[in-house]
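Data first, discussion second: the structure below is written as structure tokens.
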Amino acid sequence: MTYQELFYYIGLFAGSFTLTYLLVPKISLVMNAKKILDDPNDRSSHKKAVPNLGGIAFYIVLMLSFFFVDKQDQYNTIITILPGITILFILGLKDDLVALSPKTKLGGQFLAALFLVSQAQFKIYNFHGFLGVHEVPEIIAIIVSVFLVLAIINAFNLIDGIDGLASIVALIIFGSFAAAFFYVGNAFLGSICFVMWGSLIAFLRYNLSTEKKIFMGDTGSMMLGFVIAIMSIRFIDLMNYDTSSLILRKYNVPYILLSILIVPFFDTLRVFVIRLMNKRGPFSPDRNHIHHLLIDFRAMSHVRASIWIGLCNVLIILLFTYFATFFNQWFMFLGTSVLCVAAVVYFFLINKNREAMRVKVKMRKKS
């Protein structure tokens with residue numbers, strides 16, 4: 001990397017940081033003046049009404065950044081992703097102002113995903129032997145790609161439940177993608193990662209504040225999820241690179257992607273299973289998320305719980321990357337299964353103990 005390129009990336013980061021830092025207070029000011037706030041309820045972790053349209057800043061910064069990274073966009077990626085990002089921005093904005101039904105949100109997300117996978121570069125055609133799968137027909141590629149986009153958007157949307165968590169996890173995800181894309185020479189997506197880093201760090205300043213607190217809302221979390229989905233599909237494309245250009249075995253690339261997205265994926269899958277076992281809808285709200293368990297049972301603060309989850313995410317990424325370099329995919333499959341089972345047992349025990357504590361509290365109140 002030349003000094004000119006280094007200054008360019010520092011400029012992208014500094015510009016997105018500064019713009020977000022200036023925009024967020026203005027958004028909060030307007031929302032407080034118009035009384036457009038997120039009121040606390042029995043599931044909320046905040047005690048007073050808080051502005052929740054911080055995601056507007058993400059959209060504005062990302063749109064403006066396209067002007068500065070356009071020269072690196074060799075495959076017209078910007079034109080491909082613009083419709084989907086805009087659809088999700090409008091959808092999230094309306095949901096933050098007037099709550100939408102899960103079906104309406106899913107329909108909008110599906111439309112955004114279709115716009116994205118209409119281009120060949122965002123279809124997953126070849127798995128290069130992952131779990132014995134190689135090339136797949138186009139219809140299968142479309143179904144798999146759309147499903148992945150929807151899964152990532154909703155998984156990321158659902159972890160946005162406490163201060164700092166979604167931003168910290170997103171910083172880790174974009175940092176991992178930046179390292180991978182710069183390694184293989186994809187400067188455009190690497191640049192977008194720098195833009196998102198600057199914007200997220202500036203947003204964290206207010207999200208973790210006590211006096212100037214603001215949430216990103218569905219406007220921000222769904223848009224972030226969509227950008228992460230874009231990066232994820234292109235990350236899977238690393239399997240198409242020559243093996244000599246990768247430090248790991250190409251059929252292990254999906255396992256690395258899983259490690260990067262492990263927090264939103266594992267938490268969402270776990271919560272969905274619990275809700276279905278309790279004969280409830282998978283999107284029905286509750287306090288069974290991992291971050292809720294850490295706050296309710298371990299008595300962690302929002303910041304501490306978010307940092308703890310983030311550190312676990314980093315550790316898992318490092319472990320998976322190390323093992324993916326030296327071991328075959330079946331060892332990776334076994335290791336992933338063991339890790340997931342251990343995590344399920346751990347959080348099951350936490351949840352069980354939490355229920356026991358609730359019973360004791362109720363008995364004390366009655367006596």
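Going by a ≥ b ≥ c, the root eigenvalues of the Cα gyration tensor, does the stretch 1-99 fall in the rounded group (a/c under 1.5), the prolate group (a/b larger than b/c) or the oblate group? Display every interim value, and only then the final one.
Details: a/c = 3.00, a/b = 1.84, b/c = 1.63.
Prolate shape, in that a/c is at least 1.5 and a/b is the bigger ratio.
Can you tell me the Rg and Dmax of the stretch 180-256, counting just the alpha carbons, in angstroms?
Rg and Dmax of the stretch 180-256, Cα atoms, are 16.1, 52 Å.
Name the long-range amide H neighbours of M300: under 5 Å, sequence gap of 5 or more, or other chain; modelled H, no Pro or chain starts.
Placed amide hydrogens put I295 under 5 Å from M300.
Percent of Cα-Cα pairs more than 21 Å apart in the stretch 93-158, please.
Considering the stretch 93-158, 34 percent of its Cα-Cα pairs are separated by more than 21 Å.
In percent, how large is the relative contact order of the chain, given Cα pairs closer than 8 Å and 6 or more residues apart? Please list the in-between numbers first.
Working: 450 pairs, mean separation 81.8, N = 367.
Contact order relative to length: 22 percent.
Dipole size in debye (nearest 20) for the chain around its Cα centre, Lys and Arg Cβ +1, Asp and Glu Cβ -1? Let's see the in-between values first.
On the way: 32 positive and 20 negative charges, 392 e Å.
Dipole magnitude for the chain comes out near 1880 debye.
Grab every C-alpha pair in the stretch 128-182, bin the distances at 5 angstrom width from 0 up to the longest one, and report whole percents.
For the stretch 128-182, the binned pair fractions read 4, 14, 14, 18, 19, 16, 9, 4, 1 percent.
I'd like to compare 219-228, 334-343: which one has the highest average count of other Cβ atoms within 10 Å, and what's the full order after that? Let's see the in-between values first.
Details: 219-228: 28.4, 334-343: 13.4.
Highest-to-lowest ranking by the protection proxy: 219-228, 334-343.
Out of all Cα-Cα pairs in the stretch 35-155, roughly what percent, to the nearest whole number, are more than 22 Å apart? Numbers along the way, then the final one.
Details: 3668 of 7260 pairs.
Pairs farther apart than 22 Å: 51 percent.
Set the Förster distance to 51 Å, then compute FRET efficiency between S209 and K71 from the Cβ-Cβ distance, nearest 0.05. Present the calculation step by step, with values, prior to reporting the outcome.
On the way: r = 37 Å, r/R0 = 0.72.
E(calc), rounded to 0.05, equals 0.90.
Return the inverse of the average 1/r over all pairs of distinct C-alpha atoms in the stretch 220-325, which is the Kirkwood hydrodynamic radius, in Å to one decimal. Let's see the in-between values first.
On the way: mean 1/r = 0.0631 Å⁻¹.
Mean inverse Cα-Cα distance, inverted, gives 15.9 Å.
When the C-alpha atoms of the stretch 95-220 are aligned to their principal axes, what extent does each axis show, in angstrom, from largest down?
Its Cα atoms span 54, 40, 25 Å along the three principal axes.
Once you keep just the Cα pairs under 8 angstrom separated by 6 or more residues, what percentage relative contact order results for the stretch 15-110?
Working: 49 pairs, mean separation 22.9, N = 96.
The value is 24 percent.
Can you give me the orientation-averaged projected area of the convex hull built on the Cα atoms of the chain, in nm²? Before the final figure, lay out the partial values.
On the way: hull surface 78.0 nm².
That works out to 19.5 nm², a quarter of the Cα hull's surface.
Using helices alone, what [θ] at 222 nm do you get for the chain, with -39,500 (n - 2.57) per DSSP H run of 4 or more residues, divided over all residues and rounded to the nearest 500? Before the final figure, lay out the partial values.
Values: 13 runs with 260 residues, N = 367.
Dividing the helical sum by the residues of the chain leaves -24500 deg cm²/dmol.
Looking at the chain as a GNM with Cα springs under 10 Å, which of K213, K250, K71 has the largest mean-square fluctuation?
K71
Percent of accessible area on the chain owned by carbon and sulfur, 1.4 Å probe?
Of the solvent-accessible surface of the chain, carbon and sulfur hold 68 percent.
In this model, which of K26/K212; K35/K105; K71/K250 are farther than 22 Å apart at the alpha-carbon?
Details: K26/K212 11 Å; K35/K105 24 Å; K71/K250 29 Å.
Beyond 22 Å: K35/K105; K71/K250.
Over the stretch 66-148, with the other protein chains present, what is the accessible area per residue in square angstrom, probe 1.4 angstrom? Write out the running numbers ahead of the final one.
Values: 4710 Å² over 83 residues.
Heavy-atom SASA per residue in the stretch 66-148 reads 57 Å².
What are the DSSP H helices in the chain that stretch 20 Å or more along their long axis, judged by alpha-carbon atoms, and whose average Kyte-Doolittle hydropathy comes to at least -1.0?
Values: long enough: 3-33 (45 Å, 0.94); 55-69 (21 Å, 2.49); 77-97 (30 Å, 1.59); 102-117 (22 Å, 0.89); 138-159 (32 Å, 2.51); 165-184 (29 Å, 2.32); 187-207 (30 Å, 1.35); 217-236 (28 Å, 1.38); 262-277 (22 Å, 1.54); 302-326 (37 Å, 1.60); 329-366 (55 Å, 0.39).
Helices passing the filter in the chain: 3-33, 55-69, 77-97, 102-117, 138-159, 165-184, 187-207, 217-236, 262-277, 302-326, 329-366.
The values are calculated or read from the model by the stated rules, or taken from the named source; none is laboratory data. These figures come from a predicted structure and were not determined experimentally. In this analysis, Cβ positions are derived from the backbone assuming ideal geometry, glycine residues included, and neighbour counts consider all displayed protein chains. Just so you know, the surface numbers come from the protein's heavy atoms only, side chains and all, with ligands and any DNA or RNA stripped out. Shrake-Rupley method; radii C 1.70, N 1.55, O 1.52, S 1.80 Å.
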